[in-house]
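Participant: Starting off with a structure, shown below.
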Amino acid sequence: MSYCPTCKKEVEGDICPTCSTPTEAVKEKRPVIRRLSGTPTESTGAEPVPFSPPPEPQPEARERKPEPGPRTREAPPPPRPLEPGVGRSASAVSPRRFEGEAELEAFIAQGYEIFLVAGIAGVGKSELLSAFGQDGFLGGFQKRDGMVMATIPRTLQCHPIHFGNGRKGLFVDASGEDFRLLYPDAHTGIGIDEADISFLRLIAKRLRGLILLVELERLWDERLHAADPSHAKQVQILAWILSLLRWLTLDGRYNQENNPIKFTKHVDAATRTMTKRLKVPVQVLFSKADQLAGYPIPQGLQGADWLRQGSVSERKLFPLGENPLLFTYHCLRGLYKAIDVHADNFRFDFAHSLVTRKGPGTVADPDPCGVALAVQWLLDPCWSSSFTPVISTRRWVALQRSLDKVVGRGRRWTRLPDPKEISA
Amino acid sequence: MSFDPRRPSNPLVTLLLAVLVLAAAAGTWLGLRSGQPRPEEIGSLLEPVKPIVTLASAAEEKTWLEPHFRPEEGYIPAPPGPPPCPWGIDGVDRERAAGVARASGLGVAGIPELEELHKKNGGWLSGLALGRLLVEQGQRAKAESLYATLLKPGLSRPLHDIIGRGLVAAEALRDGNPREPPPIEDLTPAIYALQASGYVQILGNKTGEDFWNTLKYPIALGKMVVFHEQRMLVDKVIDGYELDLAPPGCVAGWPGISSYDLYNNLIVGYLTASGFQAPPEKRTKEFERAYQDPPLQNPLLTVLRKRQTELETNPEIEGRVWAVSNAERLLRDRLLERRGYPQNARLALAVAGVIEWALEGSVPEAAVPALLRQQRELLAVALEREDDIPEEERPGFDRALARLRLIAAGRNGEEAKLDDLAASFSPEQSEAASLVATVQAARREPAGWASLALGEMDPGLSLKLGKRASPWRSALRSDLAAALARFAAEQEPPARQRLAGMASSILHVGDTVPPALANLKTELGTVWRLRLWLHTPVGAGAAAAAVFLLGVLLARWLAVQLRVRRELFTSFYRTEAEQRLRGAR
């Protein structure tokens, strides 16, 4: 078995069948996550190198765990009949608490604002944060061949950032595996309970912004779905994360004891009846955009194909020339709707943290594009100001649609407009 | 990162919002301050209510006279009366009577002989004759000493005893216990001696109980004479009674002193006294009144009540307040008895001076018209009787009278006809009086007045006034606002509110708000007061500032919304790429 540095997993052969990157020899055995049945295993990567030394063990802190329900540690929950394929996440013998949760709690106690970066494994969350790394401050990113190494599962990486106006902010980077494992997919046979989202509950306390990363190539290329089903389910996973955060922010109550309603169903039902949405800004980034230029948009995603005369021509993606909102509106309708349901303020954009060569996967251009401004948008103080309430995105979109109708640009809302040329 | 990308911005939006905010603030200011009445409009409104009282302007013009005119010139004590008629006095030695008569006829040349005669027996006959000549010669201190000796207890014709008996009799008669007072022939020399002593003490700026008794006792003794002559109960003798008292020994009708001279000296004594402080019980007794007359009928009573309350914080005005008290009693009794004003030039001028002092302070609005009328009428009496003033006193009297007439004319919107009075002016006084007369003429007509207050000033006049122009125009605006307010108070509500707004909008920052306008605003209520205040420069400024602040907040909010909206439909990916291509750093 060899190791693919791009896909961050062990594969067979010298070339990765997924991304065609040359693989490396496996230097040492890595622990493997065992499932009960049917679920693919994955390597977790190299040894964990925490961002900063963990704080002094605080017995109370280690012992403390957010328990919104009446369940106590002394009284173990009554056993639930397990459905076929349903099991616990990660190692059955490892503690439920994430590495770095105590650190995160300490940051929250000091008044830090939390910004979460979510996405499946390998979309570039850590790379994005590294690209945003501010000069003069600790980076804390372990790199190999110019690229950031994967985040260890069940580890929360905390990256403080500098606002310059007295605000204290913290980017939290969890492993994509952890997000994937939160998704209650019957096919994968993974279920969650309240304890599994303890880190999200902690984050929700001071959540001030959210970055959702989607890798379009993995989403659309069916050849990659076999290697990891989560690629195809990025939208669902992110929608579910958003739903969880919305529930945790606006409700968060669940009585686990003798509750016939499963936790996930409870959350689903609760969020469906909610009228309020997340106020925090949600930045959806289509990562690795440098590799998307000329990527064919799958048929049926361009909107109203049946209206076109003649045969539907292949429309290729040109990130630099696209309007990200319209692109998402037409080509990723499910994602658009999911964000629209759960959040008041959101935007979409493309980004790449670095340009890699397609074949070898080496770094061609280390400079990011679309990262800095997207994160600046997220960090804008207007989102948290109570004196300047912001008009919601859905209202702006509705207004723009009405306006476009009046000025004769309504067509762009029925089908994806052509990309614009970039000018210097 | 090789370059620092910048978020797309639209400076035109910021500029437009800033312009809108500034325009809103400026518009607020202009909107509230526009609609200022035109001078012609105000002039035509006030034309029917001429002449119009203008207190502030007159007060300002008065300050131009102050360096050149002394108000004290108007406080003229009546000098000692003519000498006694020795042959008419019972029981006097013939030789002595002849000596006194002869020496008195020599004028100041007779002083040595009179001194010899007075040295021999020290009686009031020689004393009064000598004292008067000493005063005439300017030997005030010697005269004061002489009179003091005359009024001390003594054996020969003791004036002191006569005074004592007279006062006791007056007290007893007031209490209903009839007691015969001393005869007129005894009272008369006592009154003359007291009056003469009071005169020299006024000139010497004396104070103290004895001084005030010297001024008050002759008035009380004069009432005894009225009692004798008219058999009138003493307490029925009014203050300000009329009594012409011939010198001792002279026949009735012989020129002498009058009761007006006594009252004049008392009031002048109070007006010129410095540091006068009466004991509280005497103060209470003096200011106590058994009546409460309305301001229009008895304005000096209103002034007395007002100034009484100021004594604690301004003790230095006590003398003046006592002058007001005495003037009030005198005028009230005379006017109630329909006796008219006292026909005495000095007294009329002194009481007019008392009113002038009252008008310098804050006077309740209701008392002002009556005060001005009384002053005007008293000055007319003083002018009519000016020939009673001896030649040597005429220049000072004329200057004082001219000054008060000029100031009063300015207040009443009339022309001050100074005529011969101005002949006694020095060149500086003439110049100051001429300037005051000029500006009074310029502002006499309402249209001219409004034009001066609100519009452009004639360059020649502006040059003449110099630094005085600005405070004077401020006073004009205050008076104009007061006149409009008084006019408005007589109108029905809609017109009243409009006129109140007009009056309010005339005033600039720093102009005094006249009481008439303040009272009108209080009547109109809080909402209207607020509306009126918004039209003032301060109010309009505050409103403009509030609009500006709100505008800034709104503009900031709008700018944020527009930015959010713009960035929603913008691709930062494209923006950064374009900036990189352009080489942004």
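Read-outs throughout are calculated quantities, based only on the coordinates presented, and are distinct from any laboratory measurement. In this text, all values refer to a predicted model and were calculated from it rather than measured experimentally. Every residue, glycine among them, receives a Cβ derived from its backbone with ideal geometry; neighbour counts consider all protein chains shown.
Participant: Using each residue's phi in the range B:162-171, evaluate 6.51 cos²θ - 1.76 cosθ + 1.60 at θ = phi - 60° and report the 3J(HN,Hα) Karplus result to the nearest Hz, with x for Gly and Pro.
Facilitator: 4, 4, x, 5, x, 5, 4, 4, 4, 5
Participant: What nm value, rounded to one decimal, do you get for the distance between B:E384 and B:S362 when each label is placed 7 Å out toward the C-beta?
Facilitator: 3.7
Participant: Of the listed peptides A:397-409, B:268-280, what is their order by residue-averaged count of other C-beta atoms within 10 Å, with the highest listed first?
Facilitator: Working: A:397-409: 12.2, B:268-280: 17.5.
My ranking of the peptides, most packed first, is B:268-280, A:397-409.
Participant: Now for a separate question. Quick one: which residues, 5+ away or cross-chain, put their amide H under 5 Å from the amide H of A:L156? H built at 1.01 Å from N.
Facilitator: Amide H neighbours of A:L156: A:E99, A:G100, A:E101.
Participant: Compute, for the protein assembly as shown, the length of the dipole vector about the Cα centre, with Cβ point charges of +1 (Lys, Arg) and -1 (Asp, Glu) only. Units Debye, rounded to 20. Walk me through the numbers before you get to the answer.
Facilitator: Working: 125 positive and 120 negative charges, 1048 e Å.
Dipole of the protein assembly as shown, to the nearest 20 debye: 5040 debye.
Participant: Using only alpha carbons, build the gyration tensor for the protein assembly as shown and give me the equivalent ellipsoid semi-axes, biggest first, whole Å. Mind showing how you got there, number by number?
Facilitator: Values: eigenvalues 2498, 208, 114 Å².
Over the Cα atoms of the protein assembly as shown, the ellipsoid semi-axes are 112, 32, 24 Å.
Participant: Continuing with this model, one more query. What are the extents of the Cα atoms of the range A:373-414 along their three principal axes, listed from largest to smallest and rounded to whole Å?
Facilitator: 35, 23, 13
Participant: Still on this structure, I have one more. Per residue and in cubic angstrom, what volume does the convex hull of the Cα atoms of the range B:211-289 have?
Facilitator: 108
Participant: Now, a different point. Of B:K206/B:K417; A:K337/A:K405; A:K9/A:K205, which sit over 26 Å apart, Cα to Cα?
Facilitator: Numbers: B:K206/B:K417 37 Å; A:K337/A:K405 21 Å; A:K9/A:K205 33 Å.
Flagged as over cut-off: B:K206/B:K417; A:K9/A:K205.
Participant: Now a separate question. Quick one: which residues, 5+ away or cross-chain, put their amide H under 5 Å from the amide H of A:I161? H built at 1.01 Å from N.
Facilitator: A:G169, A:L170, A:F171
Participant: For n ≥ 4 DSSP H runs only, could you compute -39500 (n - 2.57) per run for chain B, divide by its residues and tell me the 222 nm figure to the nearest 500? The partial results should precede the final answer.
Facilitator: Details: 26 runs with 381 residues, N = 585.
Calculated at 222 nm, the ellipticity per residue is -21000 deg cm²/dmol.
Participant: I need the calculated FRET efficiency for the pair B:L554 and A:R333, taking r as the beta carbon distance and R₀ as 51 Å, to the nearest 0.05.
Facilitator: Working: r = 37 Å, r/R0 = 0.72.
That pair, B:L554 with A:R333, gives E of 0.90.
Participant: Which FRET efficiency, nearest 0.05, do B:A98 and B:E66 yield, Cβ-Cβ r, R0 35 Å? Don't skip to the end; give the middle numbers.
Facilitator: Working: r = 53 Å, r/R0 = 1.52.
After rounding to 0.05, the efficiency reads 0.10.
Participant: Any chance you could give the angle, 0 to 90 degrees and rounded to 10, that helix B:259-272 forms with the longest Cα principal axis of chain B?
Facilitator: 50
Participant: Can I ask one more? Between A:R394 and B:A518, what is the FRET efficiency for a Förster distance of 56 Å, r being their Cβ-Cβ separation, to the nearest 0.05? All intermediate terms of the calculation are to be shown ahead of the outcome.
Facilitator: Values: r = 57 Å, r/R0 = 1.02.
With R0 = 56 Å, the Cβ-Cβ based efficiency is 0.45.
Participant: Starting from the Cα of A:N259, step 7 Å along the direction of its Cβ; do the same at B:A109; then give the gap between the two resulting points in nm.
Facilitator: Once both label points are built, they end up 13.5 nm from each other.
Participant: To the nearest whole number, what is the average tally of beta carbon atoms from other chains within 10 Å of the beta carbons of peptide A:372-385? List each step's numbers first, then the result.
Facilitator: On the way: counts 8, 12, 6, 1, 5, 7, 0, 0, 5, 1, 7, 2, 0, 3.
Mean partner shielding for this stretch: 4.
Participant: Pull up all non-local amide H partners of B:L243: gap of 5 or more, or a different chain, and H-to-H distance under 5 Å with H placed in the peptide plane.
Facilitator: Answer set, sorted by chain and number: B:S259, B:Y260.
Participant: Give a residue-ordered list of calculated ³J(HN,Hα) values for the range B:84-96 (Karplus: 6.51 cos²θ - 1.76 cosθ + 1.60, θ = phi - 60°; whole Hz; x for Gly, Pro).
Facilitator: These are the phi-based 3J(HN,Hα) values: x, 9, x, 5, x, 9, 5, x, 8, 4, 5, 5, 5 Hz.
Participant: Oh, and also: If I model the range A:203-266 as equal point scatterers sitting on the Cα atoms and use the Debye formula, what is log10 I(q)/I(0) at q = 0.12, 0.15, 0.18 Å⁻¹?
Facilitator: -0.46, -0.65, -0.79
Participant: Any idea what Rg and Dmax come out to for the range B:228-332 if you just take the C-alpha atoms, in Å?
Facilitator: Spelled out, the Cα radius of gyration and Dmax of the range B:228-332 are 16.3, 51 Å.
Participant: Take the alpha-carbon positions of the range B:376-450, form their convex hull, and give its projected area averaged over all directions (one quarter of the hull surface) in nm². Before the final figure, lay out each step's value.
Facilitator: Details: hull surface 20.0 nm².
Mean projected area of the Cα convex hull: 5.0 nm².
Participant: Using a Debye calculation, one point per C-alpha and no hydration shell, please list log10 I(q)/I(0) for the range B:455-506 at q = 0.28 Å⁻¹ in order.
Facilitator: Log-scaled intensity ratios, in q order: -0.97.
Participant: Of the DSSP beta bridges with both residues in the protein assembly as shown, give the percent that are antiparallel, rounding to the nearest 5. Mind dumping the intermediate values first?
Facilitator: Values: 23 of 46 bridges.
Restricted to the protein assembly as shown, the bridges split so that about 50 percent are antiparallel.
Participant: Then there is this: Please compute the average number of Cβ atoms from other chains found within 10 Å of each residue's Cβ in peptide A:341-353. Let's see the in-between values first.
Facilitator: On the way: counts 0, 0, 0, 0, 2, 1, 7, 2, 8, 5, 3, 1, 0.
Per-residue shielding by partner chains comes out at 2.
Participant: Let me check against my output: what whole-number percent is the relative contact order of chain B, with C-alpha pairs under 8 Å and at least 6 apart? Numbers along the way, then the final one.
Facilitator: Values: 787 pairs, mean separation 125.7, N = 585.
Taking the mean separation of contacting Cα pairs over the length of chain B, I get 21 percent.
Participant: Another question, if that's okay. Treating the beta-carbon of each Lys and Arg as +1 and of each Asp and Glu as -1, no other charges, what is the dipole magnitude of the range B:3-55 about its Cα centre, to the nearest 20 debye? Kindly include the intermediate steps, with their values, before the conclusion.
Facilitator: Working: 5 positive and 4 negative charges, 49 e Å.
For this selection, approximately 240 debye.
Participant: What nm distance separates the two modelled labels at B:E281 and B:K50, each placed 7 Å from Cα along Cα→Cβ?
Facilitator: 5.8
Participant: May I ask for the Kirkwood hydrodynamic radius of chain B, worked out over all distinct Cα pairs and given in angstroms to one decimal? Kindly include the intermediate steps, with their values, before the conclusion.
Facilitator: Details: mean 1/r = 0.0348 Å⁻¹.
Across chain B, the inverse of the average 1/r is 28.8 Å.
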